Each structure stands twice: as structure tokens, then as C-alpha cells.
1. Net charge around Lys29, counting only other residues with Cβ within less than 13 Å of its Cβ (Lys, Arg = +1; Asp, Glu = -1)?
2. Using the Karplus curve 6.51 cos²θ - 1.76 cosθ + 1.60 with θ = phi - 60°, work out ³J(HN,Hα) for each residue of region 28-40 in order, rounded to whole Hz, and write x for Gly and Pro.
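Just so it is clear, none of the values below were taken in a lab; they were calculated from the coordinates. Because the structure is predicted, anything quoted here is derived from the model rather than measured. Here the Cβ is made from the backbone with ideal geometry for all residues, glycine too, and neighbour counts use every protein chain on show.
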Amino acid sequence: MSKLRTYIENESCSTSIDSISVDTGITVKNLNRYLENAEFSTLQDKLNINL
């Protein structure tokens with residue numbers, strides 16, 4: 001989760017879950033689980049993706 005948090009904070013925006021997955025090495029399945037977590041609710045606004 002810390003890797004995803006760092007990625008979101010450092011990237012201006014990303015257009016897809018797939019590109020985040022490739023960039024971070026985190027599986028799409030885990031990304032979806034992480035992004036549903038309340039811990040990421042404030043960071044989701046930085047992403048231009050639909051969950």
C-alpha cells in the first residue's frame with residue numbers, strides 16, 4: 001500500500017488501472033482492493049480513473 005500511496009502522491013494523474021499496475025508492479029486485483037480502502041479515499045481524487 002505504501003508503494004501505491006507514493007505513486008499517487010508523485011504522479012500528477014494516470015488514465016487507467018492498467019498503467020498504474022505496470023508502473024507500480026501491483027496487480028490490478030490488488031489495486032482495486034487498495035483503492036476501495038478508506039486510507040486512499042483522499043488520494044483517489046488525483047487519479048483520472050473510474051473504479
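1. With Lys, Arg at +1 and Asp, Glu at -1, the neighbours total -1.
2. With the stated coefficients, region 28-40 comes to 4, 4, 5, 4, 4, 5, 4, 5, 7, 5, 4, 4, 9 Hz.
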